[in-house]
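Structure first, commentary second.
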Amino acid sequence: MVTLDLRRLRFLREFEERGTLAAVAAALGYSPSTISQQLGLLEKEVGTRLLEKAGRGVRLNDAGRLLARHAAVLLAAAAAAETDLAALSGDIRGTVRAGGLQSGARRILVPALTRTRAEHPHVRVEISELELEEALPGLRLGAVDLVIGDEYDGHPRPRPAGMRFTVLLEEPLRVVLPVTHPLAAPTRPISIDQLRDEVWTASAEGTGHHAMVVGTCRALGGYEPDLRHRSNDSDIQLELVRAGAAVALMPPLALPPDDPAIAVRALAAPGLHRRLVTVTRATPPPPALTAFLKAVTHEARAAAPAPPPDDR
């Protein structure tokens, strides 16, 4: 009879999802040699090879892929058992691993953590700053329970199977300028075409914000933006604007409440919005995650910007 270790099965699933020992090690906080050793022990447990050479690395062979499929079922069953036992006890406890982009983590996840600690002291919440793209493998594997991501008009997110996307809030995009900029005076909304000759800042390439800035300039202005500065940190983007080094397109949730060094102006183009979404696995959530999701929803409603005037 084969005795399977759930922890090693999780390593196998991580390897199937991430593709390299180094990626698994980085995701789980181990060394690549430790991951390799654990997979080697799993091979001894099942009595067959699970990995084969592939160039300078390794990949799953047929047996490895077969066991990985069974591992997904076994790990899901173990998670369901934990959920059922927690519900049976009536005591909400457990760990919730949440991640999100910077503005979502700062304005929603951290306040939700505070609310959850007060209402459910036995729930442990762990928060990481994560972009949705990097968080999806962990979501699929159960290493992350909840991610707040974003999507923009004209740039919808893919909806991978097995994931549940729920809109938290929607907010209009704003043009952010140095207060000394000729267009900073509160006169009328600014068109993207008026920013043709500007230097831009945006998030890193491959993110939704980067794609939105480039796509908006192309579609509404007919030009390729001079996008010189890239950072996923909204504070760095704002510092570039304050320095007069760039302009930006940003949602209100990422902006300070009052900053004399910047001007925030409405866009002339209608319908340019950002939506913050929660992404969870489509399986029934355990009580701890349900409690935290309730707090997240409450804080999102509190953080949602009131309809602002066109200029301020």
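Odds and ends about this structure:
- Per-selection Kirkwood Rh - the chain (Cα, Å, 1 d.p.): 21.8 Å
- Given charges at beta-carbon only (K, R positive; D, E negative), |dipole| of the stretch 123-264 in Debye: 280 debye
- In the full protein context, the stretch 17-171 carries 53 Å² of accessible surface per residue, based on a 1.4 Å probe and ignoring ligands, DNA and RNA.
- Length available on full extension from residue 197 to residue 76: 0.36 nm per residue minus the Cα-Cα distance, which gives 38.3 nm.
- R0 of 51 Å, Cβ-Cβ distance residue 114-residue 53: FRET efficiency to nearest 0.05: 0.55
- Residue-normalised accessible area of the stretch 203-253, given per residue in Å² at a 1.4 Å probe: 41 Å²
- Fraction of accessible area attributable to carbon and sulfur, the chain (%, probe 1.4 Å): 54 percent
The values are calculated or read from the model by the stated rules, or taken from the named source; none is laboratory data. A quick note: this is a predicted structure, and the numbers were derived from the prediction, not measured. As a convention, Cβ positions derive from the backbone with ideal geometry for all residues, glycine included, and neighbour counts pool all protein chains shown. What goes into the accessible areas is simple: the full protein's heavy atoms, side chains included, and nothing from ligands, DNA or RNA. Shrake-Rupley method; radii C 1.70, N 1.55, O 1.52, S 1.80 Å.
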